[in-house]
Each structure stands twice: as structure tokens, then as C-alpha cells.
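Q: Once you've had a glance at the structure underneath, I'll fire off some questions.
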Amino acid sequence: MKDNKQITPKALTRENFAPFGDVIEVNDNAKNFSINDGFTQRYHDLAEVDVTQENGRTLINIFRSTPLEQPVSIKMMERHPLSSQAFIPMGQQPFLVVVAPRGELDISKIEVFLASSNQGVNYHKGTWHHYCLALHQVSDFIVVDRGGVGNNCDTIKLDGALVIAQS
């Protein structure tokens, strides 16, 4: 039997997520201005989309994620060496964000964040992350990432000994 290590999710904020990417949300610190004759407030330039390496192009997708049984064991991590990747929830459910710094994967540096339904994330190029972890019910996400030639997804299998505390 493996020795499990539990990791507790922390709140997702712009400051504590900065080493891994951007938090996409409406808040008082976001650049914003009025458009459309004053009927719309535009929250501007919320994430650094980076997809052009090796002639990549921007893709906009919808991913439908099914929640895993809790507590969640972390059994894999992936990274995109050629681009950023953004996840923006389309529903009203929170979700988990599991990340580790760029470079060689160091499982001791994995962090877990609890994102609310009004927050998205944009992983910087090369940031290790788990695939999208919906909570409570099947959830849809708009995903902005890279299309084009070149291998843009490295994956590593893990033993599942790192477990996320019940969320």
C-alpha cells in the first residue's frame, strides 16, 4: 500500500497563481472601460495567450469534464511546451486547478487551487498541470489553446500517492 500525502486546495488569486499563469476574472484591478454606448463594461486583456510558436494558431474549444471520485488522486500531469492554455468555466460550478512550475516536474512543488465559477485560468507555456477537474457535476469549459504542427503536449504518469483533500 502506498503512503498517500494529502494536499489542501487554496483559494485561487491573481497573486498566488502568478508563477503558473493568469487568473481570468472580473475584479477591481482588471483594466476595464465602457463600450457599446455605455451598455457594456469591457474587462480588457485578462490573459497572455501565447500560441504562435512554430506557426501555431489559436483554437477555441469546449471541453466537457466529468468529476473524478473524491478524494482525487493525482495520477498524471501534462504541459504544453509550445503554448499557453486557458480554461474558462461556462457554468456555475467551482473546479480544481492542479499546477507545478515549468522545467522538470518536481512533485513536491505541486500546488492545488480552488477556482470559483467566475474564474478562469490561463496556464503559461510549459507550466505543468492536471487536466481540468470539475467538481460536483459535469461541467463545460471554453478552452483557448494552440493548433498546428509540433508536439504540444507532454504527459507524465504519477502513482496517485498525492491526494487532494475533499473539496
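Q: Is it fair to say Thr8 is out of contact with any Ser or Thr (no Cβ under 8 Å at 6 or more places or on another chain), modelled with pLDDT of 95 or more and of a type in the set (Ser, Thr, Tyr)?
A: Judged against the criteria, Thr8 is a match.
Q: In addition: Return the only residue of Glu48, Glu78 being closer than 20 Å to Asn122 by Cβ and in contact with a His (Cβ under 7 Å, 6 or more places away or on another chain).
A: Just a single option satisfies the conditions, and that option is Glu78.
Yes/no per residue for (1) without any contact (Cβ under 8 Å) to a residue 12 or more places away in the chain; (2) surrounded by 13 or more Cβ atoms within 10 Å (Cβ to Cβ); (3) part of a loop (DSSP other than H, G, I, E, B):
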{"site": "Val23", "(1), (2), (3)": "no, yes, no"}
{"site": "Ala30", "(1), (2), (3)": "no, yes, yes"}
{"site": "Leu59", "(1), (2), (3)": "no, yes, no"}
{"site": "Leu82", "(1), (2), (3)": "no, yes, yes"}
{"site": "Leu96", "(1), (2), (3)": "no, yes, no"}
{"site": "Ser108", "(1), (2), (3)": "yes, no, no"}
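Q: Consider Ser65 against the criteria (1) surrounded by 14 or more Cβ atoms within 10 Å (Cβ to Cβ); (2) touching a Lys or Arg at 6+ places or on another chain (Cβ under 8 Å); (3) of a type in the set (S, T, N, Q): it satisfies all of them except one. Which criterion is unmet?
A: The number of the failed condition is (2).
Q: Scan segment 88-134 residue by residue and report those that are hydroxyl-bearing (Ser, Thr, Tyr) and under 22 Å from Thr155 (Cα atoms).
A: Scanning segment 88-134 gives Ser108, Tyr123, Thr127, Tyr131.
The values are calculated or read from the model by the stated rules, or taken from the named source; none is laboratory data. Since the structure is predicted, the reported quantities are computational estimates derived from the model, not experimental observations. All Cβ positions, even for glycine, are placed from backbone atoms using ideal geometry, and neighbour counts span all protein chains on display.
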